[in-house]
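Take a look at the structure set out below.
The values are calculated or read from the model by the stated rules, or taken from the named source; none is laboratory data. This one's a predicted model, so the numbers in the text were calculated from it and none came from an experiment. Counting neighbours? That spans all protein chains shown, and the Cβs are built from the backbone with ideal geometry, glycine included.
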């Protein structure tokens, strides 16, 4: 009997919290509607994915390799990102470039999102600022593991 | 000290004894004091051009070069005073003044003396405001070597190596002062069997090898000592490999074979034949037991070896001497040869124990010998008299065990096929795939010498023991383990032989 009473009490408390949020937000929205500015604003639900919020510039999203002016990747395949990566998720294969000013380019640059922890160490380690995590692409899902191995060598 | 008179001196407060005629740099090295240097190399003569090894010697007003100063009794050397530190820093600043600092694309990065010394003795901010000098970045100088003149510090190690060690002198110093550069003479590229050493001795990334260029970075490499199996010199080598990350998981690759110092065998150098031996470790290897020329997944060598033991047992005892034939090779280690002796000669009493090896090749006057096997002396040492089998002798056998597919180097493939057609059970124990695979009943994948431990006796009788330098594929097994397993299943005691 006492147990049933406790369950009922928790149910009422839960409903009260929901009701409080409703009325508080309602109050702020109503005040705003009448042009009264308050410090706090009513909560707004964003209809993701139809509506998308702007990401912070510091946000770590999918990696990209910046291109050179001529379209080649600016990465020089120095493997410092591979060295620093704590989750061992980068696979880089270097190739020779005929241009003696470039010399070294990535033939393959694959990031394995199965393993990536989005720490951004690769961005910090890069000596030529080639890799960045600013694509804003956050919808990184795939039905297969292989689908999460993203090639970045074609900028 | 080779009979030379010992000389006592003081280096950084340490009382040091070194042989007469040693220079200060070597004496300090022997005492555990490292003095930075670019141009000095223990295997070459003294040049004194890099000025990096300046030290303070009591009684002399100026700093002296440690590489070109011979030690004297009672000499007091200081290598870590402020004056020396300042001098090192300034020398380094001059050397780096025109350096391109393209470490991200330089193969030497991670093992470069410029990097190391800058970290230890430099750490200054660059004062250069002028643009750096541009020079040729990619000059092929022959034998797959690429010269980068921007990175070169003009230590002339390469020039001296080719003059003193190989005597070919393909490289030279051209122009003077600021314009001086290393280069080849017109139409005479570097072409000798020791060209790979130029990459090893270059203290910076000026000479790089096409074979290693851009393949990986130096800090990923795991370096383990081994002995080169490509000729009877048995040079001491370092096998540099990567296992797993940054390669794919379960992937492994040998990237380089470099020289290891061993004054009794090869000094500081190895030849290009041994250096190219890296392909021998990775390429064309068996990765599983194969039957009838096709690999069988999931069949362990122990299980497959039970078939070999059964075939040997099916031959009655007295007939074994003539009906079972074994072909061994001189790539087996001394320990494995002792096991083979105990199993095949003493245990089974076989009369047909043969040896088939790689054909001799051209020798050179420095290290490479014509015998292209590492353990020819070890074969004699184990009590064998190596003899190449005639094909008729193999054809008459009922059970044939072949270690290594070198028999095809001596006989035509069709002749061998014809001879083996009449043998009811025949087994091959080979590291590399080859045409012999489909002529036998089963092929056992065995370890490359770099993947096993053992002892080789070289052409001069020097014994060199080595440990495993590369981890083999899971299915690959050393011949020693096969011989022990075979002896166990046949109930033959191999005594207290060192089976390791």
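For the range A:38-50, the count of residues that are surrounded by 10 or more Cβ atoms within 10 Å (Cβ to Cβ), within 14 Å of chain B (Cβ to nearest Cβ) and in a loop (DSSP other than H, G, I, E, B) is zero. Restricting attention to the range B:424-443, the residues that are more than 16 Å from residue B:406 (Cβ to Cβ) and either in contact with a helix residue (DSSP H, G or I) (Cβ under 7 Å, 6 or more places away or on another chain) or assigned to a strand (DSSP E or B) (or both) add up to 2.
Put simply, of B:34, B:68 the only residue that is surrounded by fewer than 19 Cβ atoms within 10 Å (Cβ to Cβ) and farther than 20 Å from residue B:118 by Cβ is B:68. Here residue B:175 meets the list (1) at pLDDT below 95; (2) on the phi < 0 side of the Ramachandran plot almost entirely, failing just condition (2). Looking across A:111, A:92, one residue alone is under 18 Å from the mean Cα position of the chain (by Cα) and outside the structural domain of residue A:24 (by TED's automatic domain parsing). It is A:111. With a requirement of 1 or more residues that are more than 23 Å from residue B:360 (Cβ to Cβ), the helices (runs of 4 or more DSSP H) lying completely within the range B:192-308 that satisfy it span B:196-201, B:277-282. Assuming residue A:1 fulfils every condition listed in (1) closer than 30 Å to residue A:140 by Cα; (2) surrounded by fewer than 10 Cβ atoms within 10 Å (Cβ to Cβ) apart from one, which condition is it? Every condition holds for residue A:1 apart from (1).
Looking across B:434, B:461, B:454, one residue alone is within 19 Å of residue B:229 (Cβ to Cβ) and buried (at least 21 other Cβ atoms within 10 Å of the Cβ). It is B:454.
Among the conditions (1) assigned to a loop (DSSP other than H, G, I, E, B); (2) more than 14 Å from every other protein chain (Cβ to nearest Cβ); (3) modelled with pLDDT of 90 or more; (4) closer than 20 Å to residue B:52 by Cα, residue B:150 misses just one, which is (2). Could you go through the range B:236-256 and let me know if any residue there is modelled with pLDDT under 95, over 19 Å from residue B:142 (Cα atoms) and away from chain A (no Cβ under 14 Å). Yes - at least one qualifying residue is present in the range B:236-256. The single condition from (1) surrounded by fewer than 15 Cβ atoms within 10 Å (Cβ to Cβ); (2) touching a residue at least 24 places away in the same chain (Cβ under 8 Å); (3) more than 14 Å from every other protein chain (Cβ to nearest Cβ) that residue B:179 fails is (2).
Counting the residues of the range A:51-73 that are outside any loop (DSSP other than H, G, I, E, B) and within 14 Å of another protein chain (Cβ to nearest Cβ) gives 1.
Of the residues making up the range A:133-145, just one is touching a helix residue (DSSP H, G or I) at 6+ places or on another chain (Cβ under 6 Å) and touching a residue at least 60 places away in the same chain (Cβ under 8 Å), namely A:133.
Okay, residues lined up against (1) closer than 23 Å to residue B:114 by Cβ; (2) assigned to a helix (DSSP H, G or I); (3) in the same structural domain as residue B:121 (by TED's automatic domain parsing); (4) in contact (Cβ under 8 Å) with a residue 12 or more places away in the chain:
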| site | (1), (2), (3), (4) |
| --- | --- |
| B:50 | yes, no, no, yes |
| B:62 | no, no, no, no |
| B:74 | no, no, no, yes |
| B:85 | yes, yes, no, yes |
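Only one of the numbered conditions (1) surrounded by fewer than 19 Cβ atoms within 10 Å (Cβ to Cβ); (2) outside the structural domain of residue B:15 (by TED's automatic domain parsing); (3) in a loop (DSSP other than H, G, I, E, B); (4) in contact with a strand residue (DSSP E or B) (Cβ under 8 Å, 6 or more places away or on another chain) is not met by residue B:131, and that is (4).
Might you let me know whether the range B:453-461 holds any residue that is assigned by TED's automatic domain parsing to the domain that holds residue B:376, assigned to a loop (DSSP other than H, G, I, E, B) and farther than 24 Å from residue B:338 by Cβ? No, there is no match, as no residue in the range B:453-461 is assigned by TED's automatic domain parsing to the domain that holds residue B:376, assigned to a loop (DSSP other than H, G, I, E, B) and farther than 24 Å from residue B:338 by Cβ.
The residue that is farthest from the other protein chains (Cβ to nearest Cβ), among those in the range A:74-132 that are touching a residue at least 60 places away in the same chain (Cβ under 8 Å) and surrounded by fewer than 16 Cβ atoms within 10 Å (Cβ to Cβ), is A:120.
Among the conditions (1) buried (at least 22 other Cβ atoms within 10 Å of the Cβ); (2) under 19 Å from residue B:114 (Cα atoms), residue B:41 misses just one, which is (1). Restricting attention to the range B:203-235, the residues that are crowded, with 22+ Cβ neighbours inside 10 Å, touching a strand residue (DSSP E or B) at 6+ places or on another chain (Cβ under 8 Å) and more than 12 Å from every other protein chain (Cβ to nearest Cβ) total 8. Here the condition is being modelled with pLDDT of 95 or more and either touching a helix residue (DSSP H, G or I) at 6+ places or on another chain (Cβ under 9 Å) or under 27 Å from residue B:204 (Cβ atoms) (or both); of B:55, B:16, B:33, it holds for B:55 alone.
Number of residues in the range B:104-122 that are more than 14 Å from chain A (Cβ to nearest Cβ) and touching a helix residue (DSSP H, G or I) at 6+ places or on another chain (Cβ under 8 Å) equals 6.
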